[in-house]
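**Q** The structure is given below, and queries will be raised subsequently.
The values are calculated or read from the model by the stated rules, or taken from the named source; none is laboratory data. The structure presented is a predicted model; accordingly, all values stated were derived computationally and were not measured. Please note: Cβ atoms are built from the backbone with ideal geometry, for glycine as well, and neighbour counts cover all protein chains shown. Side chains included, ligands, DNA and RNA excluded: accessible areas come from the protein's heavy atoms. Shrake-Rupley method; radii C 1.70, N 1.55, O 1.52, S 1.80 Å.
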Amino acid sequence: MTTLQTRISESAGFCWGVERALRLAHRAADEAPGPVRSIGPLIHNPGVIADLEKRGVNVISEPGEARGGTVILRSHGVPREVKDQLTGTDAVVVDATCTFVKSAQEKAAKLQRQGYFVIILGETDHPEVLALRSYAGEDSLVVETPADLPDVLPSRRVGVVVQTTQSQERLAELVENLAPRTRELLVHNTICSATEQRQTAARAMADQVDAVVVVGGRNSGNTRRLAELCAARQSRTYHVESAEELDPAWFRGLKVVGITAGASTPPEQIKAVADRLAGFES
Ligand code: SF4
């Protein structure tokens, strides 16, 4: 019997910002005197959130639910008004917003102050984008593709900021569409370096393997985009949340399977997938 060979992407799994958010949450769970809560799930990975709940870090959706104790602001940030509401309470705030996200928020606010029509490239309902929008102003526009742009732009001075986990391909597509329609186009490429590294490594790997497994939460935008760009290169691309979802039939007759994972996927989930795949027949 020949078994499958596996190859893990050079850059996969937890990023710096997620590791920092988890460190801060674990420290708060161990040391804070009262209840510890996060506004929204700390990261987009159901297994990690379940583990945090076991440690006593519970998820709330509104600052009003904080009622004292410690509140953690997650790595992809919260809207400006949520921060303002917390300032007036007796909650201890632990800000785990990633520095890349903060930088995108500052750029969005500056574009708005300078009078640009601000366009955010990102997923409309993603918490990071909702927070970014609170800095870009109510007149800003969120688009996922150029098809979401209006026929006539309200201004020919346009500023662009990007959800940190978007792909360079989507940004290039948007800029190509906007450039001929504007007099001044100021683009802040706020895609973070962790996203860029994971996407570059995943593209290279997808070209060299017979199938790709992408590990991570289905609610994780950056994991979904990894799956999207791998699928564009390798039609046998499978997005799973856990090793149990793997089906041996997907890999029958294949030799090498590549594995990549989003920035919110812990190393033990990647290892569990690699271990299970290594036991499958090729
Ligand atoms: S994916 Fe990028 S922006 Fe998001 S937490 Fe990680 S390093 Fe920060």
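**Q** Find which of VAL187, VAL212, THR200 sits farthest along the positive direction of the dipole of the range 161-282, computed with +1 on the beta-carbon of Lys and Arg, -1 on that of Asp and Glu, about the Cα centre.
**A** VAL187
**Q** Net charge around ASP207, counting only other residues with Cβ within less than 14 Å of its Cβ (Lys, Arg = +1; Asp, Glu = -1)? Mind showing how you got there, number by number?
**A** On the way: positive: ARG7, ARG203, ARG233, ARG236; negative: GLU10, ASP210.
Combined, the nearby Lys, Arg, Asp and Glu give +2.
**Q** Next question. To the nearest 500 deg cm²/dmol, what mean residue ellipticity at 222 nm is calculated for the chain from DSSP H runs of n ≥ 4 alone, each contributing -39,500 (n - 2.57), summed and divided by the residues? All intermediate terms of the calculation are to be shown ahead of the outcome.
**A** On the way: 9 runs with 106 residues, N = 282.
Value at 222 nm, helices only: -11500 deg cm²/dmol.
**Q** Loop by DSSP (not H, G, I, E, B), at most 14 other beta-carbon atoms within 10 Å: where is the longest site-free stretch of the chain for trypsin sites (Lys or Arg not before Pro)?
**A** Details: sites that count: ARG55, ARG67, ARG156, ARG183, ARG218, ARG252, LYS255.
The longest uninterrupted stretch comes out as 68-155.
**Q** How much FRET efficiency would the formula 1/(1 + (r/R0)^6) give for GLN114 and GLU196, where r is the Cβ-Cβ distance and R0 is 22 Å, rounded to 0.05?
**A** Working: r = 26 Å, r/R0 = 1.20.
My answer for the efficiency is 0.25.
**Q** Nothing charged except the Cβ atoms of Lys and Arg (+1) and of Asp and Glu (-1): what's the magnitude of the dipole of the range 50-165 about its Cα centre? Round to the nearest 20 debye.
**A** Working: 13 positive and 17 negative charges, 102 e Å.
It comes to approximately 480 debye.
**Q** Dipole of the chain, Cα-centred, from +1 at each Lys and Arg C-beta and -1 at each Asp and Glu C-beta, to the nearest 20 debye?
**A** Working: 32 positive and 36 negative charges, 113 e Å.
Once rounded to the nearest 20, the dipole reads 540 debye.
**Q** Let me ask something else about it. For ARG181 paired with ASP210, estimate the spin-label separation in nm (one decimal), with each label point 7 Å from Cα along the Cα-to-Cβ line.
**A** Those two pseudo-labels are separated by 4.6 nm.
**Q** So, one more: Using a 7 Å offset from the Cα along the Cα-to-Cβ direction at both ARG23 and SER235, what is the distance between the two label points in nm, to one decimal?
**A** Spacing of the two 7 Å Cα→Cβ label points: 4.5 nm.
**Q** Next question. Using +1 on the beta carbon of Lys and Arg, -1 on that of Asp and Glu, and nothing else charged, what's the dipole of the range 155-204 about the Cα centre, debye to 20?
**A** Details: 7 positive and 5 negative charges, 32 e Å.
Value, rounded to 20: 160 debye.
**Q** A follow-up question, please. Set the Förster distance to 45 Å, then compute FRET efficiency between GLU138 and THR2 from the Cβ-Cβ distance, nearest 0.05.
**A** Details: r = 60 Å, r/R0 = 1.33.
After rounding to 0.05, the efficiency reads 0.15.
**Q** Quick one: if you stick a label point 7 Å off each Cα along the C-beta vector at ALA172 and ASP95, how many nm between them?
**A** 3.6
**Q** Further question: How large, in percent, is the carbon and sulfur part of the accessible surface of the chain at a probe radius of 1.4 Å?
**A** On the way: 6220 of 13000 Å².
Answer for the chain is 48 percent, counting heavy atoms of protein chains only.
**Q** In a shell of Cβ-Cβ distance under 12 Å around GLN269, excluding GLN269 itself, what net charge do Lys and Arg (+1) and Asp and Glu (-1) give? Spell out each step's value before the answer.
**A** Numbers: positive: LYS271, ARG276; negative: ASP51, GLU241, GLU244, GLU245, GLU268, ASP275.
Here the count lands on -4.
**Q** Could you pull out every one of the lysines with an alpha carbon less than 24 Å from that of LYS107, ignoring same-chain neighbours closer than 8 positions?
**A** LYS83
**Q** Excluding ASN45 itself, what net charge comes from residues whose Cβ is under 11 Å from its Cβ, given Lys and Arg +1 and Asp and Glu -1? Numbers along the way, then the final one.
**A** Working: positive: ARG218; negative: ASP51, GLU241.
Value of the local net charge: -1.
**Q** Under a 1.4 Å probe, what is the accessible area of the chain per residue, stated in Å²?
**A** Numbers: 13000 Å² over 282 residues.
Value for the chain: 46 Å² per residue.
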